Amino acid sequence: MDLSLTRRQLLQSLALAGLSACTTDLARTLPGTVESSISQTSAPRTAVSMSPEDLLTRQLERSSFGATDQLRSQVVAAGGFEAWLDQQLELSPDYKAKYPLGLLGEVEDRLAPLKELKFESKQERASATKTSIETITGRTIYGAAFAEDQLRQRTMTVLGDLLHVTSSSQPELFGICDFDATIRARAFGRFSDLLLATAQHPAMLVYLDQASSRADSGRVPNENYAREVMELHTVGVDGGYDETDVAELAHVLSGWSLDTRSRAFAFRPQWHDLGPFGSKGDILGWRPGPDQVGEAAGVAALEHLAHHEATAKRIAHIFARHFVSESLTPKDELVIEAAEIYKQNDTAIGPVVKHLLTSEQFASKATLMVRRPIDLVAHSLRVSNARVVDGGLSDSLGSLVGLMYVLGQVPYGWPAPNGFPHSSAAWSNAGAMIGRWNAIITLAGSASGAAKATVSNRLGLELDPSALGLSTASELATALCGAEHQLV
């Protein structure tokens, strides 16, 4: 029996162990454990027939982080759910814009000091690390809870794990915020453009060791990125590639590196060599054309992978599992349709998402799934009309990061390149559920005073129980801990 562990297997094991430990520790460290229990959900609930009203609720929950009364009014004003979707697909990803509460612009402004740092001292690096983690956490949680572009925020929960880099190692941590913005700006566009943008981003280049990959003077190029771009980002482990394809793609991408001064992508032709691939072989049916040399060869190879049939099926299946049901298989009719939409629209993601949410099959296929921690926290803040107490953003972000650490899902915090798990089973063991209840109690806080209608919590946030037809902190905690709010 082969007992050896690959690098990814080891990281995955450590990550899962950390997730279990974090959620168990939360039950011990946060006050007020809920005594009542919710039946453990380790698999998606069975689909049932839905009334038009229930169908709209399910569609809105899948395309946002909470079907609030305000959101329903926006759907009515738009002329229906599909028309609202079209508006969402057209929203500009301008995260400096003034969203409700003005939080996102203020979160982004926290990045300004980082631009002046040269990271020459331990103090500078420590400050940058803290600011980066707090900023990306604030952008993710507050964006999901309050931003107008709810469909983009929801789509990011898929793309951030599909094209994953981690904030748990150095030095790419300092590029995490920009990497996230790179994905958000292209979330509905061509996947081939997004793949290229992430491939040339410093965070990805450093994380998967591509920045130092050389094939000159007989050197063997690093295969980490070449392997992951096929196994995780495009065709998948069953996509038909072999070890020869990995080695050949590594040669094609050799020389894709960084400018040491600007820390921007730079192609180093002196490090590039096609090696054995220059005279024979192909990568899943692709060979460079006569005008595809140097950097252009790598761009063409990634374009080919993004358009590959196996990639279309895999992207369709991943999005279908997130937006419709975890029980869907690659052979399901809805997944096959979504893959065709992907190909017909030149790899564009927006049309795939729209088809999944508006297909006649949605009502019969959609099943309930456990909310992941980011979803759970953002949903709780959104439906309770939360706001940050004046002047409390810094404390709020620090405490928010702490809460996400104990829940096991700090944005971009998964150490392995496959991203956080999406299945309900990964987030619904007994320890995790207890941790979730305690997290909600922390969010629900305590009464702010007899004269106030809001409740405050340790994160520097105020929540409005009346948004849910309630009046006290205890009622709010009970409502948010209900089974219907643990599922989406």
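The values are calculated or read from the model by the stated rules, or taken from the named source; none is laboratory data. These numbers come from a predicted model, not from an experiment. Please note: Cβ atoms are built from the backbone with ideal geometry, for glycine as well, and neighbour counts cover all protein chains shown.
Listed residues G285, G294, G278, G289; which is in contact with a Pro (Cβ under 6 Å, 6 or more places away or on another chain), without any contact (Cβ under 8 Å) to a residue 40 or more places away in the chain and in the same structural domain as S217 (by TED's automatic domain parsing)? Outline the logic, then answer.
Details: G285 fails: in contact with a Pro (Cβ under 6 Å, 6 or more places away or on another chain); G278 fails: in contact with a Pro (Cβ under 6 Å, 6 or more places away or on another chain); G289 fails: in contact with a Pro (Cβ under 6 Å, 6 or more places away or on another chain).
Selected residue: G294, the only one of G285, G294, G278, G289 that is in contact with a Pro (Cβ under 6 Å, 6 or more places away or on another chain), without any contact (Cβ under 8 Å) to a residue 40 or more places away in the chain and in the same structural domain as S217 (by TED's automatic domain parsing).
Among the residues of segment 115-145, which ones are modelled with pLDDT of 90 or more and among the aromatic types (F, W, Y)?
Scanning segment 115-145 gives a single hit, Y142.
So, restricting to helices (runs of 4 or more DSSP H) that lie completely within segment 387-488, which ones have at least 2 residues that are closer than 29 Å to L111 by Cα and either among the hydrophobic types (A, V, I, L, M, F, W, C) or free of Cβ contacts under 8 Å to residues at least 40 places away in the same chain (or both)?
So the answer is 393-407, 430-444.
Report yes if some residue within segment 307-322 is among the hydroxyl-bearing types (S, T, Y) and in contact with a Gly (Cβ under 8 Å, 6 or more places away or on another chain); otherwise report no.
Taking every residue of segment 307-322 in turn, at least one turns out to be among the hydroxyl-bearing types (S, T, Y) and in contact with a Gly (Cβ under 8 Å, 6 or more places away or on another chain).
For segment 338-368, what are the residues that are under 19 Å from R62 (Cα atoms) and not aliphatic (A, V, I, L, M)?
G350, P351, K354, H355, T358, S359, E360, Q361, F362, S364, K365, T367
Give the residue that is surrounded by the most Cβ atoms within 10 Å (Cβ to Cβ), with candidates limited to residues of segment 328-350 that are under 19 Å from the mean Cα position of the chain (by Cα) and outside any loop (DSSP other than H, G, I, E, B).
Going through the qualifying residues, I end up with G350.
So, in segment 258-300, of the ones that are surrounded by 11 or more Cβ atoms within 10 Å (Cβ to Cβ) and acidic (D, E), which residue ends up nearest to D178 (Cα to Cα)?
D259
Out of all the residues in segment 408-429, is one or more of a type outside the set (A, V, I, L, M), over 30 Å from Y225 (Cβ atoms) and surrounded by fewer than 17 Cβ atoms within 10 Å (Cβ to Cβ)?
So far as segment 408-429 goes, yes, one or more of its residues are of a type outside the set (A, V, I, L, M), over 30 Å from Y225 (Cβ atoms) and surrounded by fewer than 17 Cβ atoms within 10 Å (Cβ to Cβ).
Could you list all residues from segment 309-327 that are closer than 25 Å to V252 by Cβ and buried (at least 21 other Cβ atoms within 10 Å of the Cβ)?
If the condition is that a residue be closer than 25 Å to V252 by Cβ and buried (at least 21 other Cβ atoms within 10 Å of the Cβ), then T311, A312, K313, R314, I315 are the ones that fit.
Could you tell me which residue of segment 220-252 is nearest to F191 (Cα to Cα), considering only residues that are without any contact (Cβ under 8 Å) to a residue 60 or more places away in the chain and among the small types (G, A, S)?
Here is the first cut: in segment 220-252, the residues without any contact (Cβ under 8 Å) to a residue 60 or more places away in the chain are 220-227, 231, 237, 241-252.
So of that shortlist, the ones also among the small types (G, A, S) come out as 226, 247, 250.
Numbers: A226: 17, A247: 24, A250: 21 Å.
Result: A226.
Which of the numbered conditions does T155 fail, given that it passes all the others? Conditions: (1) within 22 Å of V388 (Cα to Cα); (2) modelled with pLDDT of 80 or more; (3) among the hydroxyl-bearing types (S, T, Y).
For T155, the failing item is (1).
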